[in-house]
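S.K.: Submitted below is the structure of interest, expressed as structure tokens.
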Amino acid sequence: MPEDSGMVRQGNQDRFLLLRDGIYYYWRRVPKTVAHLDERAPFIRQSLKTDDLAKARGQRDILEEADNSLWASMLGEGSKSEAAATAHKLARARAEALGFSYRPASEIAQMPLEDIVKRFAAISDLRTPVTVETAIMGGVERPKVKVSEAFEVYCSEIAAVEIVGKSEEQKKAWKKVKQYAVDVFIEVVGEDLPMEDITRDHAQKMHNHFKKLIAPADGKNKKSASLGKRRMGDMSILYKRYFAHVGVEKANPFEALTFNQKFKKRRLPFPIEWVRDVIMKPGALAGMNDEARHIVLVCIETGARPIELRYLRADRIRLADKVPHILVEPSFDPDEPHEVKTVSSVRRIPLVGVALEAMKLHPDGFRRYRDAGNALSGAVNSFLRENKLQPTGKETLYGFRHTFEDRMKEARIDDELRKILMGHSIDREQYGSGGSLKLYQEELMKMVYPFDPSIV
């Protein structure tokens, strides 16, 4: 049968496409479960106004997703605000499928005559569905979405691609941090405002809240400037990206409301001698569970971040290689994904001294703490505190990483190699591989701690 005879192309990639008189149509049956709710039943027929199959497929994908969302909302029992949001989303999708950005009718009326004529031309066919006319001419009122609702859209849709590589633990931590800004804003303002109703005064009120925490009148219990900077920044990003997502241009009321941080708070390192003479003294860590104790020992001789050690798997623990080492890299396994902190964090770290002996006991990694970062830090830090193993009372598990860096400096290890082993960025164009594992191993052996095998 010739393609221009009206055949519906039902191949997987050509589903719901009908070619008639050289023009493609979106042709689809309305499911029986919603036929009584969708005025277009029993069939949807919409001209895509193109003879280009590739372009038609792209437009079809937009309309297909829009209709799937519409029918799901019809079968659901969502709130009025959810229904309004769905209707607005569908109108935007339908307008975009025909090459138009969705704009409310009031904005369309202010457009140049040429643009208005184009929109009318697109719906001139008497068979154009009412839903399409409404979408192109801006007949769907933009819903008022509250801050908390916009945040959920941000997490589930806007930032979805950015967090897809995170583990479930990393996703929860990411959302928890972002949630703080939303919670503070709602508390300070006194209500969960619609996003469109946020003004500069509201943003200023949040800024003043943090100003009082950072510089309290009595000078006590001061919070860091970085806290206010991050919270204000998160609200600014939410506002900016949400309205970009819904296709609306609005001045950002949080713009330039931030804090300058003069001094960055740094985690305290353990003194080099303290680790050697106190932490690694036989019996000092004996009361700590095996996995937590071994993570501490590996951290001491590798400088790896605790999360990097927790996410190690068998394929990244190279005990049988000529130079035993661990690989710090992201996982793209869909069942166990996880990210690393930065691109420069991807690295190889030789296993020397007590770290090698500890890793030999965990060739498949540390299962107990794989997805339990809070449990690990809680177990280690409370043990250090209860057993008076912190010289100032403020050092934590992460401090061993900073001690590792101090030790490299004391051992006169090259600055660039220090950055490589720490996973820090190198601020120049890089050439070559950065050196061999054998070189890394030889350099680390200059500063390796002697240890009693009983501590493992």
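The values are calculated or read from the model by the stated rules, or taken from the named source; none is laboratory data. Quick caveat, the model's predicted, so the values are computed rather than measured. Cβ placement follows ideal geometry from the backbone for every residue including glycine, while neighbour counts extend to all protein chains displayed.
S.K.: What number of residues within the stretch 287-320 satisfy the criterion of being in contact with a helix residue (DSSP H, G or I) (Cβ under 8 Å, 6 or more places away or on another chain) and part of a loop (DSSP other than H, G, I, E, B)?
M.R.: 7
S.K.: A further question on this structure: Select from the stretch 248-287 the residues that are at pLDDT below 90 and more than 23 Å from Glu410 (Cα to Cα) and list them in ascending order.
M.R.: Val248, Glu249, Lys250, Asn260, Gln261, Lys262, Phe263, Lys264
S.K.: Got a sec? Which of Glu162, Glu152, Glu196 is more than 23 Å from Gln59 (Cβ to Cβ), modelled with pLDDT of 75 or more, loosely packed, with under 12 Cβ neighbours inside 10 Å and not assigned by TED's automatic domain parsing to the domain that holds Leu70?
M.R.: Glu162
S.K.: Of the conditions (1) in contact with a strand residue (DSSP E or B) (Cβ under 7 Å, 6 or more places away or on another chain); (2) more than 14 Å from His325 (Cα to Cα), Asn374 clears all except one; give me its number.
M.R.: Exception for Asn374: condition (1).
S.K.: Okay, next question. For the stretch 164-192, give me the residue count where each residue is under 24 Å from Phe332 (Cβ atoms), in a loop (DSSP other than H, G, I, E, B) and among the small types (Gly, Ala, Ser).
M.R.: 2
S.K.: For the stretch 97-117, name all the residues that are among the acidic types (Asp, Glu) and within 36 Å of the chain's Cα centre (by Cα).
M.R.: Glu107
S.K.: Check the stretch 210-223 and report whether any residue there is modelled with pLDDT of 95 or more, β-branched (Val, Ile, Thr) and surrounded by 16 or more Cβ atoms within 10 Å (Cβ to Cβ).
M.R.: Scanning the stretch 210-223, I find no residue that is modelled with pLDDT of 95 or more, β-branched (Val, Ile, Thr) and surrounded by 16 or more Cβ atoms within 10 Å (Cβ to Cβ), so the answer is no.
S.K.: In the stretch 18-25, is there at least one residue being in a helix (DSSP H, G or I), under 20 Å from Thr134 (Cβ atoms) and modelled with pLDDT of 70 or more?
M.R.: Checked the stretch 18-25: no residue is in a helix (DSSP H, G or I), under 20 Å from Thr134 (Cβ atoms) and modelled with pLDDT of 70 or more.
S.K.: Can you pull out every residue in the stretch 242-260 that is surrounded by 12 or more Cβ atoms within 10 Å (Cβ to Cβ) and more than 20 Å from Asp201 (Cα to Cα)?
M.R.: From the stretch 242-260, those surrounded by 12 or more Cβ atoms within 10 Å (Cβ to Cβ) are 242-248, 250, 252-255, 257-259; that's our starting set.
If the condition is that a residue be surrounded by 12 or more Cβ atoms within 10 Å (Cβ to Cβ) and more than 20 Å from Asp201 (Cα to Cα), then Ala244, His245, Val246, Gly247, Val248 are the ones that fit.
S.K.: Here's another thing I want to ask about it. Any residue at all in the stretch 324-331 that's in a loop (DSSP other than H, G, I, E, B) and in contact with a helix residue (DSSP H, G or I) (Cβ under 8 Å, 6 or more places away or on another chain)? Break it down into steps so the answer makes sense when it comes.
M.R.: So in the stretch 324-331, the residues in a loop (DSSP other than H, G, I, E, B) come out as 324, 329-330.
Still in the running and in contact with a helix residue (DSSP H, G or I) (Cβ under 8 Å, 6 or more places away or on another chain): 324, 329.
Checked the stretch 324-331: at least one residue is in a loop (DSSP other than H, G, I, E, B) and in contact with a helix residue (DSSP H, G or I) (Cβ under 8 Å, 6 or more places away or on another chain).
S.K.: Also, quick follow-up: How many residues are more than 24 Å from the chain's Cα centre (by Cα) and of a type outside the set (A, V, I, L, M) if we restrict to the stretch 317-357?
M.R.: Initially, the stretch 317-357 is screened for residues more than 24 Å from the chain's Cα centre (by Cα), giving 317-326, 348-357.
From what is left, the residues that are of a type outside the set (A, V, I, L, M) are 318, 321-322, 324-325, 348, 350, 353, 357.
Number satisfying all stated conditions: 9.
S.K.: Moving to a separate point now. Among all residue pairs at least 6 apart or on different chains, which show Cβ distances below 6 Å where the first residue, located in the stretch 109-122, is of a type in the set (A, V, I, L, M) and the second is assigned to a helix (DSSP H, G or I) and surrounded by 11 or more Cβ atoms within 10 Å (Cβ to Cβ)?
M.R.: Once the first residue is of a type in the set (A, V, I, L, M) and sits in the stretch 109-122, its partners that are assigned to a helix (DSSP H, G or I) and surrounded by 11 or more Cβ atoms within 10 Å (Cβ to Cβ) give Ala122/Ile136.
S.K.: Something else about it: Restricting attention to the stretch 344-367, which residues are free of Cβ contacts under 8 Å to residues at least 60 places away in the same chain and either outside any loop (DSSP other than H, G, I, E, B) or hydrophobic (A, V, I, L, M, F, W, C) (or both)?
M.R.: Leu351, Ala355, Leu356, Lys360, listed by residue number.
S.K.: Would you mind telling me which numbered condition in (1) surrounded by 16 or more Cβ atoms within 10 Å (Cβ to Cβ); (2) over 22 Å from Arg347 (Cα atoms); (3) in contact (Cβ under 8 Å) with a residue 24 or more places away in the chain Ile326 fails?
M.R.: For Ile326, the exception is condition (2).
S.K.: Still on this structure: Scan the stretch 193-249 residue by residue and report those that are touching a residue at least 40 places away in the same chain (Cβ under 8 Å) and either at positive phi or assigned to a loop (DSSP other than H, G, I, E, B) (or both).
M.R.: Scanning the stretch 193-249 gives Leu193, Ile198, Thr199, Ser224, Val246, Gly247, Val248.
S.K.: Among the listed residues Leu397, Leu376, Leu384, which satisfies the condition of being of a type outside the set (Lys, Arg), without any contact (Cβ under 8 Å) to a residue 40 or more places away in the chain and buried (at least 20 other Cβ atoms within 10 Å of the Cβ)?
M.R.: Result of the check over Leu397, Leu376, Leu384: Leu384.
S.K.: OK, next. Contact list please: Cβ distance under 7 Å, first residue in the stretch 277-289 and more than 19 Å from Ser377 (Cβ to Cβ), second residue buried (at least 17 other Cβ atoms within 10 Å of the Cβ) and not hydrophobic (A, V, I, L, M, F, W, C), pairs at least six apart or on different chains.
M.R.: If the second residue must be buried (at least 17 other Cβ atoms within 10 Å of the Cβ) and not hydrophobic (A, V, I, L, M, F, W, C), the pairs left are Met280/Tyr449.
S.K.: Also, I was wondering about something else. Find all pairs meeting these conditions: Cβ atoms under 6 angstrom apart; at least six residues apart or on different chains; first residue within the stretch 50-63 and more than 14 Å from Trp27 (Cβ to Cβ); second residue modelled with pLDDT of 85 or more and of a type outside the set (A, V, I, L, M, F, W, C).
M.R.: From the stretch 50-63, the pairs are Thr50/Tyr24; Asp51/Gly22.
S.K.: Given the options Glu301, Glu273, Glu291, name the one that is of a type in the set (D, E, K, R) and under 29 Å from the mean Cα position of the chain (by Cα).
M.R.: Glu291 is the lone residue from the list that is of a type in the set (D, E, K, R) and under 29 Å from the mean Cα position of the chain (by Cα).
Condition check ((1) in contact with a Leu (Cβ under 8 Å, 6 or more places away or on another chain); (2) farther than 25 Å from Phe451 by Cα) across all residues:
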{"residue": "Lys205", "(1), (2)": "no, yes"}
{"residue": "Leu213", "(1), (2)": "yes, yes"}
{"residue": "Ala225", "(1), (2)": "no, yes"}
{"residue": "Ser236", "(1), (2)": "yes, yes"}
{"residue": "Phe243", "(1), (2)": "no, yes"}
{"residue": "Leu257", "(1), (2)": "no, yes"}
{"residue": "Arg266", "(1), (2)": "no, yes"}
{"residue": "Ala284", "(1), (2)": "yes, no"}
{"residue": "Asn289", "(1), (2)": "no, no"}
